[in-house]
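The structure under discussion appears below in the form of structure tokens.
The values are calculated or read from the model by the stated rules, or taken from the named source; none is laboratory data. Fair warning: this is a prediction, and the values are worked out from it, not measured in the lab. Methodologically, a virtual Cβ is constructed for each residue, glycine included, from the backbone with ideal geometry; neighbour enumeration extends over all protein chains shown. Quick note on the areas: whole protein, heavy atoms, side chains included, nothing else; ligands and nucleic acids left out. Shrake-Rupley method; radii C 1.70, N 1.55, O 1.52, S 1.80 Å.
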Amino acid sequence: MTAEARPAAPPLTERQEARRRSILQAGAQLAGRGGFEAVQMREVADAAGVALGTLYRYFPSKVYLLVALMQDQLQHLHASLRRRPTAGDDAAERVAATLMLAFRALQREPHLADAMVRALTFADRGVSPEVDAVSRLTTAIVLDAMGVEDPTQEQLSVVRVIEHTWHSALITWLSGRESIAQVKGDIETVCGLIDLPADTRR
């Protein structure tokens, strides 16, 4: 069955959700200590206190687990930002501040950040729905910071460019090829597209 044709999973029971959260926490702890390579499914199962077969029913692969972990972290960030939005005089300033807030959260645990970003890079079609969920969350975070509820196609195109730049900046920082100051400069530059008149972007 293709990723597109895969039926939606039924809602988890309270017990199943608790088990899922234990698995995510175990994966985050292992990734936080040693990055992508440290996340071995048997060790995740042991740390979470579940059978290996049970782990695979929740997360069919390490990449799937780490992408789900990125989705989980973005959900928490999104909820936090809705409670306390970032300040700024205009949309570009608010989006840049929001993305730097997200970046600094990842900066606190670079091994975990590297593991999640590598998983997003390695993800194949079988993980497409989870990768799409990460993209939708990132888009929602940016649009909230812009103060836009019903974006135009032009605005969505700008958001995609901002997302690509943020992701690229994260990769280059993780690889040691870009400093925090350079990341901030790149993000502020691309967020400047938000306030440009549409005809000057072409």
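Here are some notes:
- Spans of helices (runs of 4 or more DSSP H) in segment 25-86 with at least 3 residues within 30 Å of Leu143 (Cα to Cα): 62-83
- The condition of being among the aliphatic types (A, V, I, L, M) and more than 20 Å from Phe36 (Cβ to Cβ) holds for only one of Val95, Val134, that being Val95.
- Applying the criterion of being open to solvent by 60 Å² or more (accessible area, probe 1.4 Å) and within 19 Å of the chain's Cα centre (by Cα) to the residues of segment 172-184, the residue that is nearest to Ala96 (Cα to Cα) is Lys184.
- Whichever residue in segment 31-53 is of a type in the set (A, V, I, L, M, F, W, C) and farther than 24 Å from Pro129 by Cα and, among such residues, is surrounded by the fewest Cβ atoms within 10 Å (Cβ to Cβ): Ala51
- Condition met for Ser128 (open to solvent by 40 Å² or more (accessible area, probe 1.4 Å), at pLDDT below 95 and of a type in the set (Ser, Thr, Tyr)): no
- Set Gly34, Gly27, Gly88: member being over 22 Å from the mean Cα position of the chain (by Cα) and small (Gly, Ala, Ser): Gly88
- Conditions (1) buried (at least 20 other Cβ atoms within 10 Å of the Cβ); (2) free of Cβ contacts under 8 Å to residues at least 24 places away in the same chain; (3) not polar (S, T, N, Q); number of the one not met by Tyr56: (1)
- Flag for Glu14 being acidic (Asp, Glu) and either at pLDDT below 95 or buried (at least 17 other Cβ atoms within 10 Å of the Cβ) (or both): yes
- Residue match in segment 39-52 (condition: touching a residue at least 12 places away in the same chain (Cβ under 8 Å), closer than 30 Å to Ile180 by Cβ and not β-branched (Val, Ile, Thr)): no
- The residue of segment 139-171 that is least open to solvent (accessible area, probe 1.4 Å), among those that are of a type in the set (Gly, Ala, Ser) and farther than 15 Å from Asp90 by Cβ, is Ala169.
- All positions within segment 100-119 that are within 19 Å of His78 (Cα to Cα), in a helix (DSSP H, G or I) and open to solvent by 20 Å² or more (accessible area, probe 1.4 Å): Leu101, Arg104, Ala105, Gln107
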